[in-house]
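Have a look at the structure below before the remarks.
Only the coordinates and a few stated rules stand behind these numbers; no lab work does. As the structure is a computational prediction, the values presented were derived from the model and not from experiment. In this analysis, Cβ positions are derived from the backbone assuming ideal geometry, glycine residues included, and neighbour counts consider all displayed protein chains.
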Protein chains: 2
Amino acid sequence: MVNERSLSQRLAADVMQRCDVLGRCSDEPGRLTRTFCSVAMRDAHRLVTGWMEAAGMSVRIDAAGNLIGNYLPPESNPQRRVLIGSHLDTVADAGRYDGILGVVMGIAVVEALRESNQSLPWAIEVIGFSEEEGVRFRTPFIGSRALAGTLDAGMLTLCDDTGVSISQALDHFGCDPHAMDACSATPGSIVAYLEPHIEQGPLLESLDEPLGVVTAIAGQTRLTVEWAGEGGHAGTAPMNLRNDPLPIAGRWAVAVEEAARSTPGLVATVGRLSVDPNVPNCIPRCVTASLDVRHQEDAVRIAAVDKLLTLADELARGANLAMRIERQHEHSAVAMDPRLVEGLAKSVASCTGDPQRMVSGAGHDAGVVATVAPTAMLFLRSPGGVSHHPAEAVQESDVALGLQVLVHFIHALASEA
Amino acid sequence: MVNERSLSQRLAADVMQRCDVLGRCSDEPGRLTRTFCSVAMRDAHRLVTGWMEAAGMSVRIDAAGNLIGNYLPPESNPQRRVLIGSHLDTVADAGRYDGILGVVMGIAVVEALRESNQSLPWAIEVIGFSEEEGVRFRTPFIGSRALAGTLDAGMLTLCDDTGVSISQALDHFGCDPHAMDACSATPGSIVAYLEPHIEQGPLLESLDEPLGVVTAIAGQTRLTVEWAGEGGHAGTAPMNLRNDPLPIAGRWAVAVEEAARSTPGLVATVGRLSVDPNVPNCIPRCVTASLDVRHQEDAVRIAAVDKLLTLADELARGANLAMRIERQHEHSAVAMDPRLVEGLAKSVASCTGDPQRMVSGAGHDAGVVATVAPTAMLFLRSPGGVSHHPAEAVQESDVALGLQVLVHFIHALASEA
């Protein structure tokens, strides 16, 4: 046990260093932005490939630009595999850990397994998904959707801001977009997909817990509500002759927060509020508010959204305002595999203590892969709850603990096989 | 009386036409923007000078660029004068009547007086103030402040966006900025300043009244309140770990409206609300709200502002937010001259019916001139309550009625002298 701990500590130090190095592969000088099929992505692939090969893996890039390292432990069946990883792309002005950490931790897990040289019933593959953030083509999960076989051909014609299509970008990157079908996993071939990821939120830190086990990825509704009144001069229009949509939007924002606070597990956010004309001495003519609602149970989310939209309409009628709703995005909750969740929780318990079971409010590749293979996610505490920001962080000791847990879990899974 | 009415109808038709013609003197093609000392202002001066001269006035431009036409009725004392007018500059993308109407109506009043050729105890002067809107130098009332003697020398060094000072602009326009002192009215020389102006609000139209008599120009407080929380990811931060300033700003905007609705005569507006970062899936980090409060009694306004700022602070403390207040602008209410107000109301009553007495929520040259001379304002109904917009309008029949009222009032004033 002492040896295992010191090994995971050494590997965690490497993980931190590798995240630092990858953080310098960027499309932009001075800040980290690494988009799908960019030169920075090629640089990242070169580095990750080197580390994979040094860990004894054979490396390939699939037709969707996913980078995959394959490790065959003694006595393993190469037709079956445990997949560990996350994505290698970033948002604009990103931190060094969102996505990348999961890939680099996957390599460290293989290094630990190889050091012990124990036999395992299946291959271990580390995957760096090519695209998760949706920056370049404004559509996310290109990499994991290719693995899940849900990336339809029509999507390949989507273009970035310079008019280059996904298909052209892949071709230019050296991939064959016509071979996309070959990316998708053979049914039953993936024993488990494990995604280690920073929490991107404040919960684990607030509980003083290093690790959390994800039970589900929340479903999400995103929409905008627009209320339109009449505008006018802030000095010359008496209050009783006004049609001001701003106090109505204000009432609604308060109700959104109250609805979420009074419903366990619900998060609801008005993140954007745009006022037209937004001038101090003009009564607002039109106010547009965004709504983002997430919950692990679709019925709870849908009921909350319905209630808030009914309220928005009542408020509009009461204040004689026109109202318009635009639904932008809706996806169902995705449960993680219950057996893997329990196993991962047991491994955490044996390494540190009973883990926090939690819902991921953010989307992840795990949510896509879960549609075709048993999937689990391990969250690592995010200092300050910060993500999608250069200040994004993870503690080296939490990474060491995470590696210990993953190695423990893989051995436990093997003993059940 | 039939003759007077038909004369005022004829003059009102001229007024409408002249406003149309002046609406084409613009700094910008395709829309009306006429700023202090611009080429468009020179074009406007040329037209107005011609109309003044045709009405028997001698015309001068003072050191502040104010255009003044002087009419000496039979037996008048040239040392004393009744001043009628408003301003000749406009906002950007303006309507044709704000300001200009008062000047053009002043000329029409002189035409009416001259037609009757009755003796009057003083000169009648029509003034087109050079600057009221504050567009070019971001400081308003340059023209009327020069007349009131409150335009200090330091102000002349203010520069526009191209680096030209007020002093240089005046010099280039052909005025002598060093002779500014000569603009200011000799104490007691102005018997009355009368400013006819469109209401710029919906009140008269809602009451089906053509004219209103202004009792005071409201005092005003303008400030911004900023609440700062912590921001974060809309999916990953549970509600109990959030510090979202937006619902707090929402509560406050509701309270601002309620405070104004429950206080007679108070208007209070949150016209600008800026959210940082203003992204649908990010919890707001910081929200800034503007507050504009106006009332004819300073004590009422000040008490309302104090109460709202106390509430803003309580809300901030309750939600663990940092708060910052920036006071931007504050000016006291200015009462119109009670004797002139009563006289003007009587003239309205004798021409059409008891007038609406009302507070002007917007600032006017009358508010500046009132500090040095007895002042009154006549409001003309604004169709749709629209102002500072190309759709700004006035009814020709209301203009005719306004001219009748002003001529009646001047004769009444003369009979009291």
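For B:Val21, go 7 angstrom from Cα along the Cα-to-Cβ vector, then report the distances to that same point in the other copies in nm, smallest first.
Values, ascending and in nm: 8.2.
Can you sort A:Thr310, A:Thr371 by how many other beta carbons sit within 10 Å, fewest first?
A:Thr310, A:Thr371
Between the helical axis of A:100-116 and the dominant principal axis of chain A, each derived from Cα atoms, what acute angle in degrees is found, rounded to the nearest 10?
Taking Cα atoms only, the helix is inclined about 20 degrees.
What is the ratio of the Cα radius of gyration of the stretch A:4-83 to 2.2 N^0.38 Å, where N is its residue count, to two decimals?
Scaled against compact globular proteins, the figure is 1.29.
Rounded, prolate or oblate: which fits the stretch A:193-248, taking a ≥ b ≥ c as square roots of the Cα gyration tensor eigenvalues, rounded meaning a/c under 1.5, else prolate when a/b beats b/c?
prolate
How big is the stretch A:360-406 by the Kirkwood estimate over distinct Cα pairs, in Å?
Averaging 1/r across every pair of different Cα atoms and inverting gives 12.5 Å.
Run through the other copies and list how far each one's label point is from that of A:Asn320, in nm with one decimal, shortest first; the point sits 7 Å from Cα along Cα-Cβ.
Its label point is 4.3 nm from the equivalent points in the other copies.
Using label points projected 7 Å from each Cα along Cα→Cβ, tell me how many nm separate A:His411 and B:Ala349, to one decimal.
The two pseudo-label positions are separated by 10.2 nm.
Scaled to the compact-protein estimate 2.2 N^0.38 Å, what is the alpha-carbon radius of gyration of the stretch B:273-355, rounded to two decimal places?
Expressed relative to 2.2 N^0.38 Å, the Cα Rg reads 1.80.
Shielding by partners for B:279-292, please: the mean number of other protein chain Cβ atoms within 10 Å of each residue's Cβ. Intermediate results must be reported in sequence, preceding the final value.
Details: counts 5, 13, 13, 6, 5, 6, 0, 0, 2, 0, 4, 7, 2, 7.
For this peptide, the per-residue mean of nearby foreign Cβ atoms is 5.
Taking the Cα centre of chain B as origin, sum charge times position over the Cβ atoms of Lys and Arg (+1) and Asp and Glu (-1), and report the length of that vector in debye to the nearest 20.
280
Sum up the charges of everything whose Cβ sits under 12 Å from the Cβ of A:Glu205, counting Lys and Arg as +1 and Asp and Glu as -1, but leave A:Glu205 out.
After counting each charged neighbour, the total is -3.
Nothing charged except the Cβ atoms of Lys and Arg (+1) and of Asp and Glu (-1): what's the magnitude of the dipole of the stretch B:219-331 about its Cα centre? Round to the nearest 20 debye.
Details: 12 positive and 14 negative charges, 27 e Å.
My answer is approximately 120 debye.
So, in Å, what gap is there between the alpha-carbon centers of the stretch B:35-58 and the stretch B:232-303?
46
What is the ratio of the Cα radius of gyration of the stretch A:244-298 to 2.2 N^0.38 Å, where N is its residue count, to two decimals?
On the way: Rg = 13.5 Å, N = 55, 2.2 N^0.38 = 10.1 Å.
Ratio of Cα Rg to 2.2 N^0.38 Å: 1.34.
With 10 angstrom as the radius, rank A:His329, A:His411 by how many other C-beta atoms surround their C-beta, starting from the fewest.
Ranking A:His329, A:His411 by Cβ neighbours within 10 Å, fewest first, gives A:His329, A:His411.
Counting only other residues whose beta carbon sits under 12 Å from that of A:Thr186, what net charge do I get with K and R as +1, D and E as -1?
Counting the neighbours of A:Thr186, the net charge comes to +1.
Taking only the Cα atoms of the stretch A:219-331, how large is their convex hull per residue, in Å³? Before the final figure, lay out each step's value.
Numbers: hull volume 9.9 nm³, N = 113.
Considering the Cα atoms of the stretch A:219-331, their hull volume per residue is 88 Å³.
If chain B were replaced by its equivalent ellipsoid, with semi-axes equal to the square roots of 5 times the Cα gyration tensor eigenvalues, what would those be, largest first, whole Å?
43, 24, 19
In whole percent, what relative contact order does chain B give with Cα contacts below 8 Å and a gap of six or more residues?
That works out to 22 percent.
Under the convention of a label 7 Å out along Cα→Cβ, give the distances in nm from A:Asp276 to the same position in every other copy, shortest first.
2.6
Hey, can you grab everything whose amide H is under 5 Å from the amide H of B:Val191? Only 5+ residues off in sequence or another chain; H modelled, so Pro and N-termini drop out.
HN-HN under 5 Å from B:Val191: B:Arg81, B:Val82, B:Leu83.
Mind checking the angle between helix A:338-351 and chain A's longest principal axis? C-alpha axes, 0 to 90 degrees, to the nearest 10.
Rounded to the nearest ten degrees, it is 70.
Where in chain A is the longest stretch that carries no trypsin sites (Lys or Arg not before Pro) classed as loop by DSSP and with at most 15 other Cβ atoms within 10 Å?
After excluding every exposed loop site, the longest remaining stretch is A:139-417.
Give the angle, between 0 and 90 degrees and rounded to the nearest 10, that separates the Cα long axis of helix B:39-54 from the longest principal axis of the Cα atoms of chain B.
Roughly 30 degrees, rounded to the nearest 10.
Of A:Thr35, A:Thr224, how do they rank once you tally other Cβ atoms within 10 Å and put the fewest first? Intermediate results must be reported in sequence, preceding the final value.
Working: A:Thr35 23, A:Thr224 17.
By the 10 Å Cβ count, ascending: A:Thr224, A:Thr35.
Provide the descending list of Cα extents for the protein assembly as shown along its principal axes, expressed in whole angstroms.
Here the Cα extents, ordered largest to smallest, are 122, 49, 45 Å.
Counting only Cβ atoms, what residue of chain B lies nearest to the axis that sends chain B onto chain A, and how many whole Å off?
B:Gly250, 2
Per residue of A:239-246, count partner chain C-beta atoms within 10 Å of its C-beta, then hand back the mean as an integer.
Across the residues of A:239-246, the mean count of other-chain Cβ atoms within 10 Å is 6.
Which of A:His45, A:Ala289, A:Val109 sits farthest toward the positive end of the charge dipole of chain A, with +1 on the Cβ of Lys and Arg and -1 on the Cβ of Asp and Glu?
With unit charges placed on the Cβ atoms, the residue in question is A:Ala289.
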